[in-house]
1. Among 148, 362, rank each residue by its count of other Cβ atoms within 10 Å, from fewest to most, as a rough exposure measure.
2. Beta carbons within 10 angstrom, averaged per residue: use that to sort the peptides 364-371, 112-119, highest first.
3. Note down the relative contact order for segment 183-290 as a percent, whole number, built from C-alpha pairs under 8 angstrom at least six residues apart.
4. So what's the Cα pair-distance distribution over segment 279-384, bin width 10 Å, in %?
5. Per residue, how much space in cubic angstrom lies within the convex hull of the C-alpha atoms of segment 143-301?
6. Just the projected area, averaged over all directions, of the convex hull on the alpha carbon atoms of segment 106-197: how many nm²?
7. Can you give the % of DSSP beta bridges in segment 16-255 that are antiparallel, to the nearest 5?
8. In deg cm²/dmol and to the nearest 500, what is the mean residue ellipticity at 222 nm of the chain if only DSSP H runs of at least 4 residues count, each as -39500 (n - 2.57), divided by the residue total?
């Protein structure tokens, strides 16, 4: 039985060259980057080189990059750090976001509401996009921060971040974007986008787990989330995970000149899989946003025709060698249908029959041919 990995939005395989780059920092280069002796200085040099590689990749200054443990911490740091810092500076206490953000944003806005912040969630349409007219109406004088994801991790909708950030800027509102899915797959220029902060993660682009970063534009207030050390310019206490950070930077270096080629190749994979899937199973719905993102394909089995149970469907796929998901890996095992779909007009039973497959440049059409066979068998087994 073949084993086909189609859950790359959850995590990717580490590139062999990334592993090769990390090995010396597991063996001989093990000093603490905050130590002043030669062991520490050598690691500090590598850490700062990694910071420069990542900063250059998004057209930022190296001093605007803060390393974190991943995308969740980076988003938490942005939400807490900017909102609390701005409340001290300007007294503003309102945050705008949307109900289809990743839970690390949604759940943290709830935490902030418990300490006096007012949270406004802009309802999205069935295109999974942020309504700019509704956003503009919400931009009152008390709004401190707006936070919208660049690419939705479940359906692949691509928000018009530059336009949204411009609206925020016109209201003197700070703008943050969760770019965990977009980073390394879409070219990002933070200056061109006009954003104040951006979160990204290593393990979505063939880097190791346990590393991410938060870009924060110079001059933006940022109170620390983790206190207990002067690391990351007093903005993030704790010894840096240099091993993972160096691997992250190597993953960035490897894709630096390949973003366009990868995008074209993955688009071909997505189109190939989608078109053949519809030819074989005509009664499923492709949840295709207007600005679709080729790395993610989300589709729903009609509850009137199928016995929808995403957990059972995923188990069937796994038993037949296919790794896929029902949505965010961070909510798997909850048995709850996707909050993204439910907040976009999908009924509960159809949301229960939704599958997400996500591609990488390392997938092939031969793998997809096998996966298509399995999905066809699944449709027969789950038909009422």
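1. Working: 148 26, 362 15.
The most exposed by this proxy come first: 362, 148.
2. The most tightly packed comes first, giving 364-371, 112-119.
3. Details: 96 pairs, mean separation 25.8, N = 108.
Averaging sequence separation for qualifying contacts and normalising by length gives 24 percent for segment 183-290.
4. 14, 50, 33, 3
5. Hull volume normalised by residue count: 142 Å³.
6. For segment 106-197, averaging the hull's shadow over all directions gives 6.1 nm².
7. Values: 10 of 24 bridges.
Percentage antiparallel, nearest 5: 40.
8. Details: 15 runs with 158 residues, N = 384.
Taken over the chain, the calculation gives -12500 deg cm²/dmol.
FYI, it's all coordinate maths here, none of it is from the lab. Model, not experiment: these values are computed from the prediction. Positions of Cβ are backbone-derived with ideal geometry, glycine not excepted, and every protein chain shown enters the neighbour counts.
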